[in-house]
Protein chains: 2
Amino acid sequence: MKRSLGSQTIIYPLPAFLVGTYDTEGKANIMTAAWGGVCCSEPPLVAVSVRKERWTCEAIVKRGAFTLSIPSADMAAQTDFAGIASGRNTDKFKELGLTPVKSALVDAPYVGECRLVLELTLHTSLDLGSHVQFIGKVEDVKADEDCLDDKGKPVRKKIDPLLYDIGAREYCRAGQTMGKAFAGGKIYWKKTDE
Amino acid sequence: MKRSLGSQTIIYPLPAFLVGTYDTEGKANIMTAAWGGVCCSEPPLVAVSVRKERWTCEAIVKRGAFTLSIPSADMAAQTDFAGIASGRNTDKFKELGLTPVKSALVDAPYVGECRLVLELTLHTSLDLGSHVQFIGKVEDVKADEDCLDDKGKPVRKKIDPLLYDIGAREYCRAGQTMGKAFAGGKIYWKKTDE
């Protein structure tokens, strides 16, 4: 039996992205965002939504660029702080002991300590109400060497990405593998062929 | 030391949503989508991107509605099949032994066996290239009674949502809790006050 929870944005999983920008004065800033994800393959586009009143919103518009740094599970408290403090009056990189690395490709900094980062140029802005959806074109993805397998693919357990659980308002990590994609479902093909 | 992986959509975490629609003939269909997430709070909007050639794409446009059913971790093989088969020539609900439940609120079916479902009306369509991003307004969220705590909040471990790992092309579940949101970060406030 299902119960109605009303019109709200409860969904699983949610990311905990650190959105990196330079503000109008050139100060590096990060903001935690759980509203986002991939939205196109060709071109490679990723979306992140930011509340209009956030410092990051103006920075993305002015600079036409942002980064997404994927925090690891052991960065939960730092990620939480980056979501509740504002770049208007706080140097979050400094307070958190994190390193802003100037991207060579886009006009935005990423978090040096994060094991996987995306560098994006602004593709489209969409005013949706409380939030502006910023769609960025992925110019590059960078990963720590020791998080890649021998074929150069990122290894989830080494990246150990942080997730946000909106129901419990807590952070968690990814867990147990449940099967291969484009493979596990083939058991149902056999049925179709019978 | 970071290595460049090029311009691609590698990100963590990714969801494994089952997008439910009625096609033009009224047949219930589901398609697995990993490109999606929340994009606005007021109004409550959730986005999912679908490749233009998918059967689901036309269905969403024609019906102006869709659902997102969150598969549980034990539905990895079913979810995989719903991503590789097409509703054009396959009755995926039937092949997978899943129950299409007609939404009373929107013109789309959801998966009865999924513990959390969202019912959405089409708000905005955005042609981005290979994919169309469909932004839906959440009309209701429904959850199985036994997945809610005593305050009516969804419990992650009971919903046990399935995630998609794009690096390894495999499915996984969510794991260990890493701290409370809007709380754990406060240790860094103290520093600021000193």
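As a summary of the residue check, residue A:139 satisfies the conditions (1) in a strand (DSSP E or B); (2) more than 9 Å from chain B (Cβ to nearest Cβ); (3) surrounded by 17 or more Cβ atoms within 10 Å (Cβ to Cβ) except for the one numbered (2). Based on what the data block shows, is residue A:148 at the interface with another protein chain (Cβ under 9 Å from one of its Cβ atoms), farther than 20 Å from residue A:54 by Cβ and either among the β-branched types (Val, Ile, Thr) or under 15 Å from the mean Cα position of the chain (by Cα) (or both)? So residue A:148 fails the test. Among the residues of region A:23-81, write down those that are aromatic (Phe, Trp, Tyr) and open to solvent by less than 10 Å² (accessible area, probe 1.4 Å). Within region A:23-81, A:66, A:81 meet the criteria.
Note on region B:120-131: residues that are more than 9 Å from every other protein chain (Cβ to nearest Cβ), open to solvent by 20 Å² or more (accessible area, probe 1.4 Å) and of a type in the set (A, V, I, L, M, F, W, C) total 1. For region A:154-194, a tally of residues being facing chain B (nearest Cβ under 7 Å), open to solvent by 20 Å² or more (accessible area, probe 1.4 Å), part of a helix (DSSP H, G or I) and at pLDDT 95 or above returns 0. Against the conditions (1) part of a helix (DSSP H, G or I); (2) touching an Asp or Glu at 6+ places or on another chain (Cβ under 7 Å), residue A:77 satisfies every one except (2).
Sort out which residues of region B:82-105 are in a loop (DSSP other than H, G, I, E, B), among the aliphatic types (A, V, I, L, M) and open to solvent by 10 Å² or more (accessible area, probe 1.4 Å), and write them in order of number. If the condition is that a residue be in a loop (DSSP other than H, G, I, E, B), among the aliphatic types (A, V, I, L, M) and open to solvent by 10 Å² or more (accessible area, probe 1.4 Å), then B:98, B:104, B:105 are the ones that fit. Close Cβ contacts (under 8 Å, 6 or more residues apart or on different chains) running from residues in region A:161-185 that are at positive phi to residues that are among the hydroxyl-bearing types (Ser, Thr, Tyr) and open to solvent by less than 30 Å² (accessible area, probe 1.4 Å) comprise A:179/B:171. Count of region A:69-90 residues, restricted to those that are more than 7 Å from chain B (Cβ to nearest Cβ), over 11 Å from residue A:31 (Cα atoms) and modelled with pLDDT of 95 or more, is 4.
The values are calculated or read from the model by the stated rules, or taken from the named source; none is laboratory data. Note that the coordinates shown come from a computational prediction; the quantities given were computed from them, not determined experimentally. Note that each Cβ is placed from the backbone with ideal geometry, even for glycine, and that neighbours are counted across all protein chains shown. Just so you know, the surface numbers come from the protein's heavy atoms only, side chains and all, with ligands and any DNA or RNA stripped out. Shrake-Rupley method; radii C 1.70, N 1.55, O 1.52, S 1.80 Å.
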